[in-house]
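Below is one structure; the comments refer to it alone.
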Amino acid sequence: MKKLALLATALAMVSGSALAADLRVKAVKAPPPPAFDPWDIAFGAGITNDYIFRGITQSNHKPSVNAYFEPRFNVTKDFQLYVGLGAASISFPNRAAAEVDAYGGARYTLGSWAFDIGAWGYLYPGGTCHYGAATDTAGVPLSNECQINALLNGNVIKKDLSFFEVYGKVNYTFNDNFSLGGNVYYTPSFLNSGAEGTYASIVGKAIAPSAWFGATGIGMYVSGEFGRQWLGTSSSFYGVPAFPNGINYADYNTWNIGIGFTYKVFTLDFRYSDTNLSKGDCNAFTSDFAARGNINGTNLGSFVTPINPSGVGSNWCGAAGIVKLSADLTAMTNLK
């Protein structure tokens, strides 16, 4: 009887296993992949003690604020189209109300390479012409506004300095901590002066390992740029007696190096900037309303150059220390 009971139990176990093997297991449906949302928006704002652009102050070495708004469309994960609108406070010789930037372009990444091409418009509304004569040095008649307004130091400036550039950028990321890149910009009339302008630079950035600051969320980087600005010949508006049809602006080198700290969306950047422009050639290029040299006969002729016969000298192109606090966000990353 015991043998029969054991045999019956064994048969029952085998039969149960076979039935279980025959049962169809219902497959668990995999969740659908997240929908690809191609749209994103970047925006941000900043404040700095000095707005420096290619080594030259745009704010008379005074504080400046800026903001921008940049819608983006990701055609694929590697190809992005973008447009943007920005503004910054400035202090120009024509007393323009602000700098307004309108730009657009395309970005493409290929492995460690990143490319960016586009166009950038710099708009300076609200300016006033300053000249103080009926005609320029080539005899071209000037508007009534130009005739009745004059800067104390004898510099001249157009009412509208707006211009545009086309650009191309490339950047190579070696690893999580280091990248190197190059930029080229071109305009047929820099600051609406009539002079062609080409700017090229190399940029580098080293990011500190995240372990340096532990779990604080703080990041650090060191970055720098070396660039050269090539400039052509201005219109006769900026001519001088020796060059009545326009002056050939001096080409110059510019460089900057700095250290920055990041925390969440905030960046605090400390930077040194300089150029090799002389004070005289700087004055000829910028028409600096604060330039000094021959006012009231003081230091007469101290900054004379072929394109700056007045001897007025500008500090707008010299060494400067820059501190900037900024916040940069994207809708997809920061506003979810």
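The values are calculated or read from the model by the stated rules, or taken from the named source; none is laboratory data. As the structure is a prediction and not an experimental result, all values here were calculated from the model. Cβ atoms come from the backbone with ideal geometry, glycine included; neighbour counts cover every protein chain shown. Note: areas computed on protein heavy atoms with side chains; ligands, DNA, RNA excluded. Shrake-Rupley method; radii C 1.70, N 1.55, O 1.52, S 1.80 Å.
Looking only at the range 70-96, filter to residues that are touching a residue at least 24 places away in the same chain (Cβ under 8 Å) and among the β-branched types (Val, Ile, Thr); which one of those is most open to solvent (accessible area, probe 1.4 Å)?
Ranking the candidates gives Val75 first.
Of all residues in the range 128-149, which are touching a strand residue (DSSP E or B) at 6+ places or on another chain (Cβ under 8 Å) and surrounded by fewer than 16 Cβ atoms within 10 Å (Cβ to Cβ)?
Within the range 128-149, Ala134, Thr135, Pro141 qualify.
When you go through Ser326, Ser287 one by one, which is the residue that is out of contact with any helix residue (DSSP H, G or I) (no Cβ under 6 Å at 6 or more places or on another chain) and on the phi > 0 side of the Ramachandran plot?
After applying the criteria, what remains is Ser287.
Does any residue in the range 118-142 that is over 18 Å from Asp160 (Cβ atoms) and touching a residue at least 40 places away in the same chain (Cβ under 8 Å) come within less than 7 Å, Cβ to Cβ, of a residue that is aliphatic (A, V, I, L, M) and outside any loop (DSSP other than H, G, I, E, B) six or more places away or on a different chain, and which pairs are these?
Gly118/Ala106; Ala119/Val166; Thr137/Val240
Output the residues belonging to the range 202-219 that are in a strand (DSSP E or B) and over 16 Å from the mean Cα position of the chain (by Cα).
Passing the criteria: Ala206, Ile207, Ile218, Gly219.
For Tyr103, all conditions in the list (1) free of Cβ contacts under 8 Å to residues at least 24 places away in the same chain; (2) surrounded by fewer than 17 Cβ atoms within 10 Å (Cβ to Cβ) hold save one; what is the number of the exception?
Only one criterion in (1) free of Cβ contacts under 8 Å to residues at least 24 places away in the same chain; (2) surrounded by fewer than 17 Cβ atoms within 10 Å (Cβ to Cβ) is unmet by Tyr103, namely (2).
What number goes with the only condition from (1) modelled with pLDDT of 95 or more; (2) at positive phi that Asn256 does not pass?
The failed condition is (2).
Can you tell me which residue is surrounded by the most Cβ atoms within 10 Å (Cβ to Cβ) among those in the range 210-268 that are polar (S, T, N, Q) and more than 28 Å from Lys324 (Cβ to Cβ)?
The qualifying residue surrounded by the most Cβ atoms within 10 Å (Cβ to Cβ) is Ser234.
Restricting the first residue to the range 218-241 and requiring it to be closer than 21 Å to Gly55 by Cα and among the β-branched types (Val, Ile, Thr), which pairs with a second residue that is at pLDDT 95 or above and assigned to a strand (DSSP E or B) meet a Cβ separation below 6 Å and a spacing of at least six or different chains?
Going by the 6 Å Cβ cut-off, the qualifying pairs are Val222/Ala206; Val222/Ile259; Thr233/Asn248.
Does Lys169 satisfy being open to solvent by 20 Å² or more (accessible area, probe 1.4 Å), in contact (Cβ under 8 Å) with a residue 60 or more places away in the chain and basic (Lys, Arg)?
No.
Of a type outside the set (Lys, Arg), under 28 Å from Leu329 (Cβ atoms) and touching a Ser or Thr at 6+ places or on another chain (Cβ under 9 Å): does that describe Glu196?
No; evaluated as a whole, the condition is false for this residue.
Criterion first (under 30 Å from Pro244 (Cα atoms), assigned to a strand (DSSP E or B) and touching a Lys or Arg at 6+ places or on another chain (Cβ under 8 Å)) does Tyr199 satisfy it?
Against the criterion (under 30 Å from Pro244 (Cα atoms), assigned to a strand (DSSP E or B) and touching a Lys or Arg at 6+ places or on another chain (Cβ under 8 Å)), Tyr199 qualifies.
Which of (1) over 21 Å from Leu161 (Cβ atoms); (2) open to solvent by 40 Å² or more (accessible area, probe 1.4 Å); (3) at pLDDT below 95 is the odd one out, the single condition Gly321 does not satisfy?
(3)
Note down all Cβ pairs under 9 Å where the first residue falls in the range 49-69 and is within 15 Å of Ala97 (Cα to Cα), the second is modelled with pLDDT under 95 and open to solvent by 10 Å² or more (accessible area, probe 1.4 Å), and they're at least six residues apart or on different chains.
Asn60/Ala290
Can you confirm whether the range 271-288 contains a residue that is open to solvent by 70 Å² or more (accessible area, probe 1.4 Å), at pLDDT 95 or above and under 30 Å from Met220 (Cβ atoms)?
yes
Within the set of pairs 6+ apart or on separate chains, which have a first residue in the range 186-209 that is under 13 Å from Lys158 (Cα atoms) and among the aromatic types (Phe, Trp, Tyr), a second that is open to solvent by 40 Å² or more (accessible area, probe 1.4 Å) and not in a helix (DSSP H, G or I), and C-beta atoms under 9 Å apart?
Listed pairs, sorted by first residue: Phe190/Glu196.
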